[in-house]
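Before any comments, here is the structure.
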Amino acid sequence: LSENIPFLDALQNRDMLKPLLEKLTKESALKEFQKYWACDHRLIGVSGNAEIKNAENEIKKVLEEAQAIQLKTQKDEALLAFPYEPKPTVPGKIILKEEIKEFGFTRLFFSNNVVVNVKKTDYKKNCIIFNINFGLGGLSVPAEKEGLSHLAAIVINQGGLDKLSKTDLTKSLAGKNVSANFSVAANSFVIQAETIPDDFELNLQLCRALLLNPGFREEADEVMKKAIDQMYHSLESNISEYYQNALMSKLSRGNRFLFFFERKILETYTFTAVKLWSFSHFIFCGDNFRISSNLFWES
């Protein structure tokens, strides 16, 4: 009301925007952007809490340095299509099947030590949700280095794959309904995913690539440092998060895997340390590697 804009529900928005989007092309959009970029004025807003002496001159200096940088024409890159590994030639062999009637799910045992729990639910239409649990998770963190568990997810999720950066991976999967989010639980490592039946196989290939060929790129180091800053800023400014973290520190009897401890300690962990721990404890773990996957779907 204050902006004098009529309220539209989702269907009304769709009906209004759909004809416009159907007519829109990449060429026409670029033409419009170029028309408005051609204006001979710019307005730059600068704000922050950094103490800068003679701020006007400093900002002007940065602007002039940026203007002197030579810009290269954008080239169309041939992105590596995903999946970039061939499908296994030998299908998985089920050696045992159990019906767990008490909880309404089926358990499948494969010859390669994979255990799959399958259950049909009505959580969401045309949706498959699955978790892959493997390894020992937080139990494998060395004593006095529990902070590695807080940082591993950031490094792995932001590192992409060995052949595709995080950005290139996102581009190669554009238009597909797949996901793979890694985290460290108390007694296992977890990959959480949500997809649709048509993209289920592709999502499994993505998870396999994340397990066998994680990226561990150096750019994830900068993301990790920023994440540490954000986590502790939130603890300092959000009373609810501070209370929850303080409560966990008491309930866990000092187990630093379960709460965020002194910032100065967490900042001592390097990108290399996180990478080495991840490699040695769950990426390359041999033929006895056991995966337990829980799959839920609605058809």
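The values are calculated or read from the model by the stated rules, or taken from the named source; none is laboratory data. Given the structure is predicted, the values throughout are model-derived calculations rather than measurements. A quick note on method: Cβ atoms are made from the backbone with ideal geometry, for glycine too, and the neighbour counts reach across all protein chains shown. Surface areas here come from the heavy atoms of the whole protein model, side chains and all, with no ligands, DNA or RNA. Shrake-Rupley method; radii C 1.70, N 1.55, O 1.52, S 1.80 Å.
Okay, here's what the table says:
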read-out: ASP15, sole failed condition from (1) in contact with a strand residue (DSSP E or B) (Cβ under 9 Å, 6 or more places away or on another chain); (2) in a helix (DSSP H, G or I); value: (1)
read-out: Subset of segment 131-157 that is small (Gly, Ala, Ser) and not in a helix (DSSP H, G or I) - its residue that is modelled with the lowest pLDDT; value: ALA143
read-out: Residues satisfying the stated conditions in segment 246-272, i.e. under 20 Å from the mean Cα position of the chain (by Cα) and surrounded by 15 or more Cβ atoms within 10 Å (Cβ to Cβ); value: PHE271
read-out: Any hit, segment 200-214, residues being open to solvent by 20 Å² or more (accessible area, probe 1.4 Å), in a loop (DSSP other than H, G, I, E, B) and over 21 Å from PRO88 (Cα atoms); value: no
read-out: Residue under evaluation LEU63, criteria (1) open to solvent by 100 Å² or more (accessible area, probe 1.4 Å); (2) in a helix (DSSP H, G or I), criterion not met; value: (1)
read-out: Whichever residue in segment 90-130 is part of a strand (DSSP E or B) and acidic (Asp, Glu) and, among such residues, is surrounded by the fewest Cβ atoms within 10 Å (Cβ to Cβ); value: GLU99
read-out: Only listed residue being part of a helix (DSSP H, G or I) and either among the hydrophobic types (A, V, I, L, M, F, W, C) or open to solvent by 100 Å² or more (accessible area, probe 1.4 Å) (or both), chosen from GLU56, GLU32; value: GLU56
read-out: Criterion (outside any strand (DSSP E or B), closer than 27 Å to THR272 by Cβ, charged (D, E, K, R) and out of contact with any Lys or Arg (no Cβ under 8 Å at 6 or more places or on another chain)) met by exactly one of LYS176, LYS225; value: LYS225
read-out: Any hit, segment 215-228, residues being open to solvent by less than 80 Å² (accessible area, probe 1.4 Å), among the hydrophobic types (A, V, I, L, M, F, W, C) and under 17 Å from ILE129 (Cα atoms); value: no
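Yes/no per residue for (1) touching a Phe, Trp or Tyr at 6+ places or on another chain (Cβ under 8 Å); (2) in contact (Cβ under 8 Å) with a residue 24 or more places away in the chain; (3) under 30 Å from ASN213 (Cα atoms):
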{"residue": "PRO6", "(1), (2), (3)": "no, no, no"}
{"residue": "ALA10", "(1), (2), (3)": "no, no, no"}
{"residue": "LEU20", "(1), (2), (3)": "no, no, no"}
{"residue": "LEU30", "(1), (2), (3)": "no, no, no"}
{"residue": "ASN54", "(1), (2), (3)": "no, no, no"}
{"residue": "LEU80", "(1), (2), (3)": "no, yes, yes"}
{"residue": "GLU85", "(1), (2), (3)": "no, yes, yes"}
{"residue": "LYS97", "(1), (2), (3)": "yes, no, no"}
